[in-house]
1. Residues Gly55, Gly50: which one is within 30 Å of Asn188 (Cα to Cα) and either buried (at least 16 other Cβ atoms within 10 Å of the Cβ) or touching a strand residue (DSSP E or B) at 6+ places or on another chain (Cβ under 9 Å) (or both)?
2. Name the residues in the range 19-67 that are touching a Leu at 6+ places or on another chain (Cβ under 8 Å) and free of Cβ contacts under 8 Å to residues at least 24 places away in the same chain, would you?
3. Scan the range 90-105 for residues that are within 15 Å of Trp53 (Cβ to Cβ) and open to solvent by 40 Å² or more (accessible area, probe 1.4 Å) and jot them down.
4. Check off (1) open to solvent by 40 Å² or more (accessible area, probe 1.4 Å); (2) touching a residue at least 12 places away in the same chain (Cβ under 8 Å); (3) not acidic (Asp, Glu) for Leu16 and give me the number that stays unchecked.
5. As an exercise: evaluate Arg65 against (1) in a helix (DSSP H, G or I); (2) open to solvent by 20 Å² or more (accessible area, probe 1.4 Å); (3) out of contact with any Pro (no Cβ under 6 Å at 6 or more places or on another chain); (4) not polar (S, T, N, Q) and give the number of the one condition it does not meet.
6. Determine the pairs where a residue that is free of Cβ contacts under 8 Å to residues at least 40 places away in the same chain, located within the range 163-188, has a partner that is open to solvent by 90 Å² or more (accessible area, probe 1.4 Å) and assigned to a strand (DSSP E or B) with Cβ atoms under 8 Å apart, the partner being 6 or more residues away or on another chain.
7. Considering only residues of the range 127-138 that are in contact (Cβ under 8 Å) with a residue 12 or more places away in the chain and over 12 Å from Asn193 (Cα atoms), which is surrounded by the fewest Cβ atoms within 10 Å (Cβ to Cβ)?
Amino acid sequence: MNSRAVLTYLVLYIILNATGLSIALNFWWTDNLNLSFLKKESFLLLTSVGFSWIGILYLSILIIRKFIIKIKTQNFIGPIDLISNEMYQNEIGTKQATKFKNSMTLIAFTILVLTIIVLIKSMNRYEIYELTKYGKVEKIIVKEIRKDMKDNQYIYFYYNSSKNSTNLRNEKNLKLGDEVQVIYSSNNPEIINYKNQ
(Lines give C-alpha, C1' and ligand atoms only; values in the text may rest on other atoms or scores of the structure.)
Protein backbone atom coordinates (compact mmCIF):
# COMPACT_ATOMS: atom_id res chain seq x y z
CA MET A 1 0.00 0.00 0.00
CA ASN A 2 1.46 3.33 -1.00
CA SER A 3 1.84 6.35 1.26
CA ARG A 4 -0.96 8.19 -0.54
CA ALA A 5 -3.48 5.48 0.45
CA VAL A 6 -2.18 5.51 4.06
CA LEU A 7 -2.59 9.29 4.18
CA THR A 8 -6.11 9.03 2.72
CA TYR A 9 -7.15 6.53 5.41
CA LEU A 10 -5.71 8.68 8.20
CA VAL A 11 -7.26 11.91 6.88
CA LEU A 12 -10.68 10.28 6.50
CA TYR A 13 -10.45 8.82 10.01
CA ILE A 14 -9.48 12.17 11.52
CA ILE A 15 -12.12 14.19 9.62
CA LEU A 16 -14.98 11.76 10.31
CA ASN A 17 -14.06 11.26 13.95
CA ALA A 18 -13.57 14.99 14.52
CA THR A 19 -16.98 15.65 12.93
CA GLY A 20 -18.65 13.00 15.07
CA LEU A 21 -16.98 14.20 18.26
CA SER A 22 -17.75 17.87 17.60
CA ILE A 23 -21.44 17.03 17.08
CA ALA A 24 -21.43 14.98 20.29
CA LEU A 25 -19.72 17.77 22.26
CA ASN A 26 -22.38 20.27 21.18
CA PHE A 27 -25.02 18.12 22.83
CA TRP A 28 -23.02 16.56 25.68
CA TRP A 29 -24.71 18.64 28.38
CA THR A 30 -28.09 18.82 26.70
CA ASP A 31 -30.97 18.41 29.08
CA ASN A 32 -31.35 14.64 29.68
CA LEU A 33 -35.11 14.87 29.49
CA ASN A 34 -34.87 16.30 25.96
CA LEU A 35 -32.54 13.48 24.92
CA SER A 36 -34.91 10.83 26.25
CA PHE A 37 -37.50 11.71 23.60
CA LEU A 38 -37.05 11.36 19.86
CA LYS A 39 -36.02 14.94 19.19
CA LYS A 40 -33.44 16.45 16.85
CA GLU A 41 -30.77 16.33 19.59
CA SER A 42 -31.17 12.55 19.90
CA PHE A 43 -30.87 12.09 16.14
CA LEU A 44 -27.83 14.37 15.97
CA LEU A 45 -26.12 12.34 18.69
CA LEU A 46 -26.83 9.15 16.75
CA THR A 47 -25.45 10.84 13.64
CA SER A 48 -22.27 11.69 15.54
CA VAL A 49 -21.82 8.00 16.38
CA GLY A 50 -22.33 7.17 12.69
CA PHE A 51 -19.61 9.60 11.59
CA SER A 52 -17.19 8.21 14.18
CA TRP A 53 -18.03 4.61 13.22
CA ILE A 54 -17.29 5.19 9.52
CA GLY A 55 -14.00 6.89 10.49
CA ILE A 56 -13.13 3.91 12.68
CA LEU A 57 -13.84 1.55 9.77
CA TYR A 58 -11.32 3.44 7.62
CA LEU A 59 -8.71 3.24 10.39
CA SER A 60 -9.42 -0.48 10.83
CA ILE A 61 -8.90 -1.14 7.12
CA LEU A 62 -5.59 0.73 7.29
CA ILE A 63 -4.40 -1.32 10.30
CA ILE A 64 -5.41 -4.61 8.68
CA ARG A 65 -3.80 -3.78 5.32
CA LYS A 66 -0.62 -2.50 6.95
CA PHE A 67 -0.07 -5.14 9.66
CA ILE A 68 -2.30 -8.21 9.21
CA ILE A 69 -3.14 -8.99 5.58
CA LYS A 70 -1.03 -7.78 2.71
CA ILE A 71 -3.15 -6.97 -0.32
CA LYS A 72 -1.37 -6.66 -3.66
CA THR A 73 -3.46 -3.81 -4.96
CA GLN A 74 -2.32 -0.28 -4.22
CA ASN A 75 -5.88 0.92 -4.72
CA PHE A 76 -7.86 2.53 -1.96
CA ILE A 77 -10.40 0.15 -0.37
CA GLY A 78 -13.27 1.70 1.56
CA PRO A 79 -15.90 0.18 3.86
CA ILE A 80 -18.44 0.20 1.00
CA ASP A 81 -16.05 -1.86 -1.15
CA LEU A 82 -15.92 -4.49 1.57
CA ILE A 83 -19.68 -5.00 1.50
CA SER A 84 -19.32 -6.77 -1.83
CA ASN A 85 -17.22 -9.76 -0.77
CA GLU A 86 -16.40 -10.55 -4.39
CA MET A 87 -14.03 -7.62 -4.73
CA TYR A 88 -11.59 -8.65 -2.05
CA GLN A 89 -12.23 -12.40 -2.26
CA ASN A 90 -10.92 -12.32 -5.84
CA GLU A 91 -7.97 -10.24 -4.72
CA ILE A 92 -6.86 -12.14 -1.60
CA GLY A 93 -8.78 -15.43 -1.63
CA THR A 94 -11.67 -16.71 0.49
CA LYS A 95 -9.55 -17.72 3.50
CA GLN A 96 -7.81 -14.34 3.70
CA ALA A 97 -11.13 -12.55 3.07
CA THR A 98 -12.64 -14.31 6.10
CA LYS A 99 -9.60 -13.36 8.17
CA PHE A 100 -9.94 -9.77 6.93
CA LYS A 101 -13.62 -9.66 7.94
CA ASN A 102 -12.99 -11.13 11.40
CA SER A 103 -10.06 -8.78 11.99
CA MET A 104 -12.18 -5.86 10.86
CA THR A 105 -14.91 -6.66 13.38
CA LEU A 106 -12.47 -7.14 16.25
CA ILE A 107 -10.36 -4.06 15.53
CA ALA A 108 -13.28 -1.72 14.72
CA PHE A 109 -15.26 -2.60 17.86
CA THR A 110 -12.14 -2.35 20.03
CA ILE A 111 -11.38 1.13 18.66
CA LEU A 112 -15.03 2.16 19.09
CA VAL A 113 -15.11 1.02 22.73
CA LEU A 114 -11.79 2.76 23.46
CA THR A 115 -13.03 5.95 21.78
CA ILE A 116 -16.21 5.93 23.89
CA ILE A 117 -14.27 5.27 27.13
CA VAL A 118 -11.76 8.05 26.40
CA LEU A 119 -14.56 10.48 25.46
CA ILE A 120 -16.60 9.77 28.60
CA LYS A 121 -13.58 9.98 30.93
CA SER A 122 -12.39 13.20 29.27
CA MET A 123 -15.80 14.84 29.49
CA ASN A 124 -16.21 13.79 33.14
CA ARG A 125 -12.80 15.29 33.96
CA TYR A 126 -13.69 18.45 32.05
CA GLU A 127 -16.98 18.71 33.96
CA ILE A 128 -15.20 18.32 37.31
CA TYR A 129 -12.64 20.95 36.25
CA GLU A 130 -15.38 23.38 35.18
CA LEU A 131 -17.39 22.92 38.39
CA THR A 132 -14.26 23.17 40.56
CA LYS A 133 -12.82 26.26 38.86
CA TYR A 134 -15.96 28.13 37.79
CA GLY A 135 -18.59 26.49 39.99
CA LYS A 136 -21.36 28.63 41.45
CA VAL A 137 -23.67 27.21 44.07
CA GLU A 138 -27.27 28.30 43.94
CA LYS A 139 -30.42 27.34 45.81
CA ILE A 140 -33.17 26.47 43.40
CA ILE A 141 -36.86 25.77 43.85
CA VAL A 142 -38.53 22.88 42.03
CA LYS A 143 -40.97 24.52 39.61
CA GLU A 144 -42.33 21.38 37.97
CA ILE A 145 -41.99 17.59 38.01
CA ARG A 146 -41.70 16.03 34.56
CA LYS A 147 -41.41 12.45 33.31
CA ASP A 148 -39.53 10.85 30.46
CA MET A 149 -40.73 8.01 28.22
CA LYS A 150 -39.82 5.43 30.89
CA ASP A 151 -41.68 7.37 33.60
CA ASN A 152 -38.48 8.51 35.33
CA GLN A 153 -39.02 11.76 37.20
CA TYR A 154 -37.13 14.96 36.47
CA ILE A 155 -37.27 18.26 38.31
CA TYR A 156 -37.60 21.44 36.28
CA PHE A 157 -36.15 24.68 37.63
CA TYR A 158 -34.52 28.00 36.80
CA TYR A 159 -30.93 28.79 37.77
CA ASN A 160 -28.07 31.22 37.05
CA SER A 161 -30.22 34.07 38.41
CA SER A 162 -33.14 32.74 36.31
CA LYS A 163 -31.19 33.09 33.03
CA ASN A 164 -31.18 29.32 32.41
CA SER A 165 -33.61 26.48 33.01
CA THR A 166 -33.17 22.74 32.84
CA ASN A 167 -34.34 19.36 34.08
CA LEU A 168 -32.30 17.17 36.42
CA ARG A 169 -33.11 13.59 37.26
CA ASN A 170 -35.15 13.53 40.47
CA GLU A 171 -32.70 11.40 42.47
CA LYS A 172 -33.58 13.07 45.75
CA ASN A 173 -37.36 12.46 45.50
CA LEU A 174 -38.06 16.18 45.52
CA LYS A 175 -41.57 17.62 45.31
CA LEU A 176 -42.96 20.86 43.90
CA GLY A 177 -41.69 23.86 45.84
CA ASP A 178 -38.79 21.95 47.45
CA GLU A 179 -35.50 23.78 47.68
CA VAL A 180 -32.16 22.18 46.85
CA GLN A 181 -28.64 23.35 46.05
CA VAL A 182 -27.16 22.94 42.59
CA ILE A 183 -23.74 23.82 41.25
CA TYR A 184 -23.19 25.09 37.72
CA SER A 185 -20.24 26.45 35.78
CA SER A 186 -20.29 30.21 35.25
CA ASN A 187 -18.07 29.56 32.21
CA ASN A 188 -20.54 27.05 30.67
CA PRO A 189 -23.90 27.19 32.51
CA GLU A 190 -25.11 24.03 30.76
CA ILE A 191 -22.74 22.09 33.05
CA ILE A 192 -24.88 21.62 36.14
CA ASN A 193 -25.35 19.05 38.86
CA TYR A 194 -26.65 18.67 42.37
CA LYS A 195 -24.26 20.08 44.96
CA ASN A 196 -22.03 17.41 46.58
CA GLN A 197 -22.64 14.84 43.86
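The values are calculated or read from the model by the stated rules, or taken from the named source; none is laboratory data. These numbers come from a predicted model, not from an experiment. As a convention, Cβ positions derive from the backbone with ideal geometry for all residues, glycine included, and neighbour counts pool all protein chains shown. Accessible surface areas use protein heavy atoms only, side chains included; no ligands, DNA or RNA. Shrake-Rupley method; radii C 1.70, N 1.55, O 1.52, S 1.80 Å.
1. Gly55
2. Asn26, Phe27, Leu35, Glu41, Ser42, Leu45
3. Scanning the range 90-105 gives a single hit, Thr105.
4. (1)
5. (2)
6. Asn164/Tyr158; Ser165/Tyr158
7. Taking the range 127-138 and keeping what is in contact (Cβ under 8 Å) with a residue 12 or more places away in the chain, we get 127, 130-131, 133-138.
Next, from what is left, pick out any that are over 12 Å from Asn193 (Cα atoms): 133-134.
Details: Lys133: 10, Tyr134: 15.
Ranking the candidates gives Lys133 first.
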